[in-house]
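Trainee: Just dropping this structure here.
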Amino acid sequence: MKKLLILCCAFVVAMSCKEEPKDYVTLSGIITDKNSDSLVVRTRGYSKAIQVNEDGTFKDTLKVETGVYFLYDGSESTSVFLKNGFDLNVAIDTKAFDESVKYTGEGAEHSNFLAEKSLLQEKLLNMDELTKLDMAGLETKMDHIKSELTAFYEANAHVDTSVINKGKNEIEPMLNFYKRYLGESIALKEELPKGSPSPVFENFENIDGTTTSLSDLKGKYVYVDVWATWCGPCKAEIPSLKALEKEYHGKDIQFVSLSIDDDRSHGGSWDKARENWKAMVNDKELGGIQLFAPEGWKTQFVQDYKIKGIPRFLLIDPNGNIVTPDAPRPSSASIKELFTELNI
């Protein structure tokens with residue numbers, strides 16, 4: 001009886017000491033060269049800021065619904081898979097953000113999979129390479145990408161099935177989007193082939209009140225940036241464009257920025273459109289030749305180049321012929337490669 005009582009007591013003690021499952025995630029880590037004093041964990045219906053210490057370390061607990069969240073450092077973001085009970089640690093170096101993301105701890109395999117998936121997709125969907133293909137080559141390449149992504153998902157059976165299934169279901173729609181987007185660029189290059197005479201513009205208003213025609217620029221390559229003051233992606237290219245202009249200053253190329261600001265985007269006023277254009281050129285200290293398209297989107301030069309979205313970059317040779325109607329952006333490494341091929 002005494003032994004039985006001891007065993008019962010031992011059982012009660014063991015049960016009382018048994019750790020209850022955590023109903024929260026512990027997320028900690030270190031960010032090298034941090035971009036902000038906080039790290040935001042968010043999804044459509046959830047957001048929480050985590051304080052980042054001076055040395056880049058952070059730690060917090062979060063009560064979450066199981067799923068994929070974004071981890072945003074104030075400049076870039078990565079995906080993380082969270083589930084209550086996980087104890088995750090992440091290391092990030094902002095100088096090589098995506099390449100450096102590494103998770104350790106309980107549940108790390110799911111988030112490491114997401115980081116690897118992001119890098120693989122970036123490698124496979126290399127826009128600089130894909131834009132060089134014709135339609136047949138694009139179809140073949142997309143089939144290859146589909147096979148590689150499918151194989152990658154199937155090789156990671158240890159990852160949460162919701163992540164794997166969602167990823168597999170997204171492959172086809174994602175590739176269809178890229179095919180449509182790239183197909184438009186390929187069709188454009190077929191309609192406006194390399195070596196054909198470029199559409200022209202005449203007597204466009206210059207920022208200093210004079211006028212400029214394309215014929216005035218013959219004898220040099222002409223890199224045209226078609227943009228507008230209200231266009232976020234256009235403005236994002238400005239630092240790279242200014243750096244490109246500086247690097248190629250005095251060389252065999254002219255840089256032209258053509259604003260398609262119009263009355264519709266400026267409260268029905270052409271005067272307001274011009275005023276805002278001039279203000280941004282001065283405020284951003286934009287270089288090169290700054291021109292104003294007289295009829296905005298309806299300007300013949302813009303229509304002849306079939307411009308339906310901006311920014312769009314054009315490259316015209318010294319004889320006034322098309323090099324490409326869809327040139328790489330200033331922020332793309334391939335623009336310098338193209339300039340090198342042309343001995344600019």
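Trainee: List the pairs whose first member sits in the stretch 102-114 and is aromatic (Phe, Trp, Tyr), whose second member is part of a strand (DSSP E or B), and whose Cβ atoms are under 8 Å apart, counting only residues at least 6 apart or on separate chains?
Mentor: Pairs found: TYR103/VAL80; TYR103/LEU88; TYR103/ASN89; TYR103/VAL90; PHE113/PHE81.
Trainee: Another question, then. Out of the stretch 237-247, which residues are out of contact with any Lys or Arg (no Cβ under 9 Å at 6 or more places or on another chain) and either within 24 Å of PRO294 (Cα to Cα) or surrounded by 13 or more Cβ atoms within 10 Å (Cβ to Cβ) (or both)?
Mentor: GLU245
Trainee: Another question, then. If you go through the stretch 213-233 one residue at a time, how many are closer than 21 Å to VAL323 by Cβ, of a type in the set (A, V, I, L, M, F, W, C) and touching a Ser or Thr at 6+ places or on another chain (Cβ under 9 Å)?
Mentor: To start, the set of residues in the stretch 213-233 that are closer than 21 Å to VAL323 by Cβ comprises 213-227.
Filter once more, so that each one left must be of a type in the set (A, V, I, L, M, F, W, C): 214, 217, 222, 224, 226-227.
Filter once more, so that each one left must be touching a Ser or Thr at 6+ places or on another chain (Cβ under 9 Å): 214, 222, 224, 226-227.
Counting residues in the stretch 213-233 that are closer than 21 Å to VAL323 by Cβ, of a type in the set (A, V, I, L, M, F, W, C) and touching a Ser or Thr at 6+ places or on another chain (Cβ under 9 Å) gives 5.
Trainee: Separate question: If you scan the stretch 110-136, which residues turn out to be open to solvent by less than 80 Å² (accessible area, probe 1.4 Å) and more than 20 Å from GLY183 (Cα to Cα)?
Mentor: Within the stretch 110-136, HIS110, SER111, ASN112, PHE113, LEU114, ALA115, LYS117, SER118, LEU119, LEU120 qualify.
Trainee: Based on what the data block shows, is SER147 more than 23 Å from THR324 (Cα to Cα), open to solvent by less than 80 Å² (accessible area, probe 1.4 Å) and in a helix (DSSP H, G or I)? Talk me through it step by step, then tell me what you get.
Mentor: Details: more than 23 Å from THR324 (Cα to Cα): yes; open to solvent by less than 80 Å² (accessible area, probe 1.4 Å): yes; in a helix (DSSP H, G or I): yes.
The answer is yes for SER147.
Trainee: Condition first: in a loop (DSSP other than H, G, I, E, B) and touching a helix residue (DSSP H, G or I) at 6+ places or on another chain (Cβ under 8 Å). Now tell me which residues in the stretch 42-80 satisfy that. Show your work before the answer.
Mentor: Here is the first cut: in the stretch 42-80, the ones in a loop (DSSP other than H, G, I, E, B) are 44-45, 52-56, 63-66, 73-76.
Matches in the stretch 42-80: THR66, ASP73, SER75, GLU76.
Trainee: Return yes or no: is VAL200 touching a residue at least 24 places away in the same chain (Cβ under 8 Å), part of a loop (DSSP other than H, G, I, E, B), aliphatic (A, V, I, L, M) and open to solvent by 30 Å² or more (accessible area, probe 1.4 Å)? Lay out the reasoning, then the answer.
Mentor: Working: touching a residue at least 24 places away in the same chain (Cβ under 8 Å): yes; part of a loop (DSSP other than H, G, I, E, B): yes; aliphatic (A, V, I, L, M): yes; open to solvent by 30 Å² or more (accessible area, probe 1.4 Å): yes.
Yes, satisfied.
Trainee: Moving on. Which one of these does LEU188 not meet: (1) touching a residue at least 60 places away in the same chain (Cβ under 8 Å); (2) hydrophobic (A, V, I, L, M, F, W, C); (3) closer than 27 Å to LEU71 by Cβ?
Mentor: Failed condition: (3).
Trainee: Name every residue in the stretch 251-288 that is closer than 30 Å to ASN343 by Cα and open to solvent by 70 Å² or more (accessible area, probe 1.4 Å), in order of residue number.
Mentor: Within the stretch 251-288, the subset closer than 30 Å to ASN343 by Cα is 251-259, 281, 284-288.
Those that are closer than 30 Å to ASN343 by Cα and open to solvent by 70 Å² or more (accessible area, probe 1.4 Å): LYS251, LYS284, GLU285.
Trainee: Name the residue that is least open to solvent (accessible area, probe 1.4 Å), counting only residues in the stretch 150-165 that are in a helix (DSSP H, G or I), closer than 20 Å to PHE86 by Cβ and touching a residue at least 24 places away in the same chain (Cβ under 8 Å).
Mentor: Among them, the one singled out is VAL163.
Residue-by-condition table, conditions (1) touching a residue at least 40 places away in the same chain (Cβ under 8 Å); (2) within 23 Å of the chain's Cα centre (by Cα):
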site	(1), (2)
GLU245	yes, yes
TYR248	yes, no
ILE260	yes, no
GLY267	no, no
ASP271	no, no
GLU275	no, no
GLY288	yes, no
PHE292	yes, no
PRO318	yes, no
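Trainee: Which number in (1) in a loop (DSSP other than H, G, I, E, B); (2) surrounded by 17 or more Cβ atoms within 10 Å (Cβ to Cβ) marks the one condition that GLY195 misses?
Mentor: (2)
Trainee: Of LYS146, LYS117, which residue is basic (Lys, Arg), closer than 30 Å to ILE186 by Cα and free of Cβ contacts under 8 Å to residues at least 40 places away in the same chain? Steps first, please.
Mentor: On the way: LYS117 fails: free of Cβ contacts under 8 Å to residues at least 40 places away in the same chain.
Result of the check over LYS146, LYS117: LYS146.
Trainee: Considering the stretch 291-344 alone, what residues qualify as being aliphatic (A, V, I, L, M), surrounded by fewer than 17 Cβ atoms within 10 Å (Cβ to Cβ) and closer than 12 Å to TRP227 by Cβ?
Mentor: Residues of the stretch 291-344 that are aliphatic (A, V, I, L, M), as a first pass: 291, 293, 302, 307, 310, 314-316, 322-323, 327, 333, 335, 338, 342, 344.
Subsequent filtering for residues that are surrounded by fewer than 17 Cβ atoms within 10 Å (Cβ to Cβ) retains 333, 342, 344.
The answer is none; no residue qualifies.
Trainee: When residues of the stretch 69-86 are filtered for being within 24 Å of VAL163 (Cα to Cα) and open to solvent by less than 60 Å² (accessible area, probe 1.4 Å), how many remain?
Mentor: Just the residues of the stretch 69-86 that are within 24 Å of VAL163 (Cα to Cα), to begin with: 69-73, 76-86.
So of that shortlist, the ones also open to solvent by less than 60 Å² (accessible area, probe 1.4 Å) come out as 69, 71, 73, 77-82, 84-86.
Adding up the residues that qualify gives 12.
The values are calculated or read from the model by the stated rules, or taken from the named source; none is laboratory data. Computed from a prediction, not measured in an experiment: that's the story for all the values here. All Cβ positions, glycine included, derive from the backbone under ideal geometry; neighbour counts span all protein chains shown. With ligands, DNA and RNA removed, areas are computed over all heavy atoms of the protein, side chains included. Shrake-Rupley method; radii C 1.70, N 1.55, O 1.52, S 1.80 Å.
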